[in-house]
1. Considering region 1-41 alone, what residues qualify as being more than 20 Å from Ala134 (Cβ to Cβ) and touching a Phe, Trp or Tyr at 6+ places or on another chain (Cβ under 9 Å)?
2. In the set Arg24, Arg63, Arg32, which member is at pLDDT below 95 and charged (D, E, K, R)?
3. In region 119-148, how many are among the basic types (Lys, Arg) and within 19 Å of the chain's Cα centre (by Cα)?
4. With respect to Asn129, determine if the residue is within 20 Å of Arg5 (Cα to Cα), touching a residue at least 12 places away in the same chain (Cβ under 8 Å) and of a type in the set (S, T, N, Q).
5. Somewhere in region 87-103, is a residue assigned to a helix (DSSP H, G or I), over 22 Å from Val146 (Cα atoms) and not basic (Lys, Arg)?
6. Is region 119-142 home to any residue that is surrounded by fewer than 18 Cβ atoms within 10 Å (Cβ to Cβ), touching a Lys or Arg at 6+ places or on another chain (Cβ under 9 Å) and at pLDDT 95 or above?
7. In region 27-78, what residues are surrounded by fewer than 20 Cβ atoms within 10 Å (Cβ to Cβ), hydrophobic (A, V, I, L, M, F, W, C) and not in a helix (DSSP H, G or I)?
8. Suppose we filter region 89-104 for residues that are of a type outside the set (Val, Ile, Thr) and either within 15 Å of Arg60 (Cβ to Cβ) or touching a residue at least 60 places away in the same chain (Cβ under 8 Å) (or both); how many remain?
Amino acid sequence: MAGDRSYVALNDAERKRLERLVARCSDADLERAMPAGWTVAATLAHLAFWDERVRVLFERWGREGSAPPPEDEASVDWINDSAKPMFLVLPPRRAAELAVKIARETDRAVEQLSDDMLTRNAAEPQPLNVVRAAHRRQHLDEIEAVLR
């Protein structure tokens, strides 16, 4: 049975939106403040981090044969809080370029998942999110609102 691949089009659309945003942002735009002490560039680095996490976890799962351990909801907050200082010191243009590069790599990786891996992932109590578009959409909406 073929796995549901509707996420591919969603990911493509939000990745292209990310690419357009990064292409039109000036360096000053990337340095603009966002809520909670973030900047546009740091928010883009945040997107890159979470995309890369999914790609790495799927790669490890395929190599080692076992799903990643479940995470509790609170771990997302401390991970974001602990990573933010590093994201803020990245050169803004480099953070933006990294977000695009990693989005492309992650989209390619989740698009190429086997039907078996998609089925195994869906059966997990906390499946890895192959729909990268939702997280991107949330933050791109926030960034675009700040840049208006």
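1. Thr39, Ala41
2. Unique residue meeting the criteria: Arg63.
3. Count: 3.
4. For Asn129, the condition - within 20 Å of Arg5 (Cα to Cα), touching a residue at least 12 places away in the same chain (Cβ under 8 Å) and of a type in the set (S, T, N, Q) - is met.
5. yes
6. Among the residues of region 119-142, at least one is surrounded by fewer than 18 Cβ atoms within 10 Å (Cβ to Cβ), touching a Lys or Arg at 6+ places or on another chain (Cβ under 9 Å) and at pLDDT 95 or above, which makes the answer yes.
7. Ala33, Met34, Ala67
8. Selection size over region 89-104: 8.
The values are calculated or read from the model by the stated rules, or taken from the named source; none is laboratory data. Small disclaimer: the values here were computed from a predicted structure and weren't measured. When we count neighbours, we look across all protein chains shown, and the Cβ atoms used for this are built from the backbone with ideal geometry, even at glycine.
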